[in-house]
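The values are calculated or read from the model by the stated rules, or taken from the named source; none is laboratory data. Because the structure is predicted, anything quoted here is derived from the model rather than measured. Cβ atoms come from the backbone with ideal geometry, glycine included; neighbour counts cover every protein chain shown.
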């Protein structure tokens, strides 16, 4: 099969497995956002007695079950050979730190509020693209970033009492998690040039298991009850499944097609938050989230237009 236009910007490793099927990709990314929302809800349920580091440890331990299954399915040990161990280590430390910080936010905020704050991550990605990747960011995308951060300010309300106490810490952790997630995304962009997704996911889970396991054993261990252990197993298994769904989605459709559908996670988080805790996002969260989502979608649109122009440019004539 020839490489279609949506896959034209993929690296050689990705092109070998790319299958142009945007409907399947969209279905998988929607399913991934649902499973991530369920995972976050269970994290919030078990956060009463257990700390975020211990939750992170069990999340990664149990996630290795479906991830190892994916490794076996895609070729076994040879697929794990890498010449970029430091890149995986950095991505693992940054990504797992972002996860722990996000768990702190989940424990202190309504589920939909914490999820809405995570939408700031694409804004940070665009902001960091210039200093870290050397990518030019035009005035249209800078304008979208500024407007998007205004939406973040609306959600966090730094001038009001909502930013104080436990909820204030949760809001701050949510923004910090979005920033750390952006660093992780940029790292993945670099790894994707040579590393297949299955390898990135495996080392992320493995590094998290060792990192969190060491910290948990030394400082944070609390013996979970049988019910809590069941919840932790659900967190890990669903987290691993979510990673597989998301990874597979990007084999069937480009990021520009899938990214807008990731925002449906606010719907899942709102429904779960209402059904479990009777929480509904307030007007400030809804307005701020709408501004951030609109800014993110515009950034995606501008990046898609930029890539389309590059792909459409004719090759220089030889001879």
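Within the stretch 68-93, the set of residues being within 11 Å of residue 208 (Cβ to Cβ), in contact with a helix residue (DSSP H, G or I) (Cβ under 6 Å, 6 or more places away or on another chain) and either surrounded by fewer than 19 Cβ atoms within 10 Å (Cβ to Cβ) or modelled with pLDDT of 95 or more (or both) is empty.
Only a single criterion out of (1) over 23 Å from residue 75 (Cβ atoms); (2) touching a residue at least 24 places away in the same chain (Cβ under 8 Å) is not satisfied by residue 205, namely (1). Looking only at residues of the stretch 133-147 that are over 17 Å from residue 294 (Cα atoms) and touching a helix residue (DSSP H, G or I) at 6+ places or on another chain (Cβ under 6 Å), we find that the one that is surrounded by the most Cβ atoms within 10 Å (Cβ to Cβ) is 137. Pairs linking a residue in the stretch 79-105 that is on the phi > 0 side of the Ramachandran plot and in contact (Cβ under 8 Å) with a residue 24 or more places away in the chain to a residue that is outside any helix (DSSP H, G or I) and surrounded by fewer than 22 Cβ atoms within 10 Å (Cβ to Cβ), with Cβ atoms under 9 Å and 6 or more positions apart or on different chains, do not occur. Exactly one condition in (1) touching a residue at least 12 places away in the same chain (Cβ under 8 Å); (2) outside any loop (DSSP other than H, G, I, E, B); (3) surrounded by fewer than 17 Cβ atoms within 10 Å (Cβ to Cβ) is not met by residue 280; state its number. Residue 280 satisfies every listed condition except (2).
The set of residues in the stretch 251-277 being surrounded by fewer than 21 Cβ atoms within 10 Å (Cβ to Cβ), under 21 Å from the mean Cα position of the chain (by Cα) and at pLDDT 90 or above consists of 263, 264, 267, 271.
Test residue 234 against the stated conditions and say whether it is modelled with pLDDT of 95 or more and either under 30 Å from residue 23 (Cα atoms) or assigned to a loop (DSSP other than H, G, I, E, B) (or both).
Details: modelled with pLDDT of 95 or more: yes; either under 30 Å from residue 23 (Cα atoms) or assigned to a loop (DSSP other than H, G, I, E, B) (or both): yes.
When the stated conditions are applied, residue 234 passes them.
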